[in-house]
Structure formats: structure tokens, C-alpha cells
Amino acid sequence: MSVPLLRPFPGLRPTPGHAALVAAPPYDVLSSDEAKALAAGNPLSFLHISKPEIDLPDGTDPYSPAVYAKAAENLKSLINQGVLVRDARPCFYVYRLRMGDHVQTGIVGGGSVAAYDANRIRKHEFTRPDKEDDRVRQIDACDAQTGPVLLAHRDHPDIGAAIAAVTKAPPAYEVAAVDGNTHSLWVMDDPAQIDAVTKAFDAMPAIYIADGHHRSAAASRVAMVQRERKCCASGEEAYESFLVVTFPIGEMKIFDYNRVVRDLNGLTPDAFLAAIAAEFTVEPLAEQARPRAPREMGLYLAGRWYRLGLRNPPPADPVARLDVSLLSDRLLGPVLGIHDLRKDKRIDFVGGKRGLNELERRVDSGEMACAFALFATGMEDLVAVAEAGQVMPPKSTWFEPKLADGLVSYPLDWQ
């Protein structure tokens, strides 16, 4: 038998009285020092599992065997204390994120590894082997997937109806996070609702990874190793799924992901402006040049903002027409000599939630020579790239609000 695209599972999650202490920011948005400071005085913080180096001597290699062993030890401790408890039977969970006036509500479930391998759970980014290795070791050590993958799906009336029914009741818990966002979780354990949601997802041709490509790839690798170990696998084992939270495409929010560059490749500011004029219109502004629409960009240079517009139309290719690609192909590469965004140390990236003031600060401090403000990549752009089987340039999307770690984990020994 094959595993459905999304299936219920018996989640490992905090008891209501502990949820606020357990919930933590995602492991990959904090440095070890930031995680240590945030978890100080709170032994129940999930950061002791997702960033376990904070419990080891300063200078410990975060990829050393001791770190993964500490993660497993800390997870077992929370289970033994009764802080984390496994549900008695497979469930879906309804997860609501609130950031100011923005609200998105989705489903927590087990995403099919086979669907991921077949590109039915579609990707839009390359992964790095070292980051994959890190997640594989974490999953192996904990015998659980503790970091959810963020997915997006086309809205479906049966899923919406099940969510509406479940959320009529108070949530199992509601947590106000350190970033000011609110995380609410409901348990969907009604068999009819579970069946309706399972069938609705299974009827979809595809769903899309928004964030969590390394976690997805690691889950696939773990499943492959587990299959090799089993002589009589049924194909329905727990490792054949991975922890996901999927939201309707129309409810998700992508922020801009901006660029700052250390030097002008030997050009003076005036020569730089002249060099980019072949591909861009350049309009000086008295205020910040926040892009108002796709294909419009802001430039901060020598204490002044400029609005940049394309002189020539974008190509039809779904990757080449992205604003991040247009900036690279028509300016960063030919004018500034930056061709590899993954490796070139002259460029850095600033998530749009930090605002344009952060771009000004980086340039005015002398650390950077110029900054580029971009219009946020759209969800339909992401879908178009994934449907074409292509990948986006690095740092193309910045999703907010972020999921919390620790509200639901996926144990690998439930079957």
C-alpha cells in the first residue's frame, strides 16, 4: 500500500500548561548565542532540542556527535517529565498563525516521502549536503522529526470545512511568541474529518514546499536508510512520512528579500549609476524607494535613494522573470561582477521584515557600498517555478510569520 499525500499521526506535543515554555523559534533563524540567551532560565524550551549545543561548553562544534546525543537526551527528558506527551491515536492538527492583522490557518500532518521523491511535493530550491547531513543526524538521534516543513496547497472546500468545524472550539493551546506572533493549535481527531482531509489532499496533483527543503531532503534520506534496514517493510511505516504544516496559498505571506553589496567593483557612485542606466531607468527620490510593484527596485547609494525601472521587458521563463533574477542578470553580474550568490562574500541578504531602515544602516555604517530593495516574490511565482521543475536563486523568499518548533513533533516509532 502507498502512504497518502498527507496522513494523520500521533503527535508528540506539550501539555497545555507547558506549551508556552516549550514553543521556540525555528532552529535555523537563531545563532547558537541567540538561542542560548533566549533559553536561559527555561529548561523546557525546545531550543534545548533544536539547538542543543547551548547545553554544551562554549565553542562546541554544533555538528559534533555530542550535540546530536544531547538533543536526544533533552527530548527524552521532556518526555520522562511528562512535559511532552504523545497522542493516543493518529490525528491531524489545525495550526493558526497570527501576525498583526495577518492570519493563516493550515493543517499539520505527515507528508508522504514517496510523494516528495516523485516531486508531487514540489521543490523550488537546491539543498546543501552539509545542511542535509545535519538534519539527518538530528532525526536519527531523536528518532523523531522535530522541525516542521512549511508547505502550501491550493484551497479545497473539504479542508476548509474541517478546519472551520475544529476551530469552533477553543484551541488546545495558544502561545504568544517572543516575536509578538500568536500560535494556536487544535487537535483534529474526528474520524470523519480526518478521512475528508486525507481524501482532499490525496486528490491534489501537487503541493509545494515553501520553506524547509533541507528537512524534506533529510526525511527522504532517513526513509531510504530505514527501508534498507527492513526486510519486510509494508510501505506504511512512520518513516515514510515527514512533519509538515501546509497552508492555503492565498493565506501565505512572503516578505521581500533584499540585497546589500560591499563595494562597487572599482566604480565611483557616478560611474556606477551611469553603468546601470543601459538596463534601468534611474530616478532620484527624496524618500525611501520602496518598490510598488514587480519589476521595480530601490537602490540606496551614497546616502540617497533611487527608483530603478526595467528598460526592457522580462523574459517569459518563470525563474528568469523573477525580480531577484533580473537584478542578478542585469546588474549584479554584468556591473558588479557578482555571479555566484551562494559563495560570493561581497553580497549579503536582508529579510524584508527588518525594513528599509536596515538597508540604510548597513550602507551608512560603511560596511556596505549599496543596497537593493526588491518587491516580494509572489506565491504564484513560487508555484510557477516549482511546476516548471526549476529552482529559484538563493534568498528569493522570506516567509513570515515563522512556525514554532516544539508545538508538534513527529515520532518515528509510532508504527
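A short reminder: the numbers here are calculations on the coordinates, not readings from a lab. Computed from a predicted model, the values in this text were never measured in an experiment. All Cβ positions, glycine included, derive from the backbone under ideal geometry; neighbour counts span all protein chains shown.
Note on the chain: with a GNM built from Cα contacts shorter than 10 Å, the maximum mean-square fluctuation among 293, 176, 217 falls on 293. The residues packed around residue 54, meaning those with a beta-carbon under 12 Å from its beta-carbon, carry a net charge of -2 if Lys and Arg are +1 and Asp and Glu are -1.
Go ahead and set up a Gaussian network model of the chain, Cα springs under 10 Å, then flag whichever of 74, 357, 258 fluctuates most. Largest GNM mean-square fluctuation: 357.
Amide H contacts under 5 Å for residue 173: 185, restricted to partners 5 or more places along the chain or on a different chain, H placed in the peptide plane at 1.01 Å from N. Just checking the listed ones, 150, 301, 44: in the Gaussian network model of the chain with Cα springs under 10 Å, the one fluctuating most is 301.
Positive contributions from Lys and Arg (+1) and negative ones from Asp and Glu (-1), summed over other residues with Cβ under 11 Å from the Cβ of residue 313, come out at +3. Note on residue 253: lysines with a C-alpha under 16 Å away, same-chain residues under 8 apart excluded, are 353, 395, 402. Report, in degrees rounded to the nearest 10, the 0 to 90 angle that the Cα long axis of helix 213-229 makes with the longest principal axis of the chain. Between helix and principal axis, roughly 40 degrees. Every pair of different Cα atoms in the chain enters the Kirkwood calculation, which places the hydrodynamic radius at 22.8 Å.
Summing charges over all other residues whose Cβ lies under 15 Å from the Cβ of residue 191, with Lys and Arg as +1 and Asp and Glu as -1, gives -2. Remark: relative contact order (region 256-396) = 40 percent; criterion is Cα-Cα distance under 8 angstrom and separation of 6 or more residues.
Close amide H contacts of residue 103 (hydrogens built in the peptide plane, cut-off under 5 Å, sequence separation of 5 or more or a different chain): none are found. Residues in region 161-172 carry Karplus couplings, in order, of 5, 5, 4, 4, 5, 5, 7, 5, 8, x, x, 4 Hz; the curve used is 6.51 cos²θ - 1.76 cosθ + 1.60 with θ = phi - 60°, and Gly or Pro positions show x. Between the helical axis of 65-80 and the longest alpha-carbon principal axis of the chain there is an angle of about 50 degrees. Projected onto its three principal axes, the C-alpha set of region 256-396 covers 41, 30, 30 Å, listed from the longest axis down. Shown here for region 250-306: GluC sites (Glu not before Pro) in loop regions (DSSP other than H, G, I, E, B) with at most 13 other Cβ atoms within 10 Å, namely 287. Provide the per-residue ³J(HN,Hα) series for region 97-111, in order, calculated from phi with Karplus coefficients 6.51, -1.76, 1.60 and θ = phi - 60°, each as a whole number of Hz, with x at glycine and proline positions. Each residue's phi maps through the Karplus curve to give 10, 10, 10, x, 8, 7, 9, 9, 10, x, 10, 9, x, x, x Hz. What is the diffusion coefficient of region 152-298 in µm²/s, taking the Kirkwood radius over Cα pairs and the Stokes-Einstein relation at 20 °C with a viscosity of 1.002 mPa s? Roughly 102 µm²/s, to the nearest whole number.
Backbone geometry of region 303-320 corresponds, through the Karplus equation with coefficients 6.51, -1.76 and 1.60 at θ = phi - 60°, to 3J(HN,Hα) couplings of x, 9, 9, 9, 9, 9, x, 5, 7, 10, x, x, x, 7, 4, x, 8, 5 Hz, x marking Gly and Pro. Helix 191-202 axis versus longest C-alpha principal axis of the chain: approximately 40°, rounded to the nearest ten.
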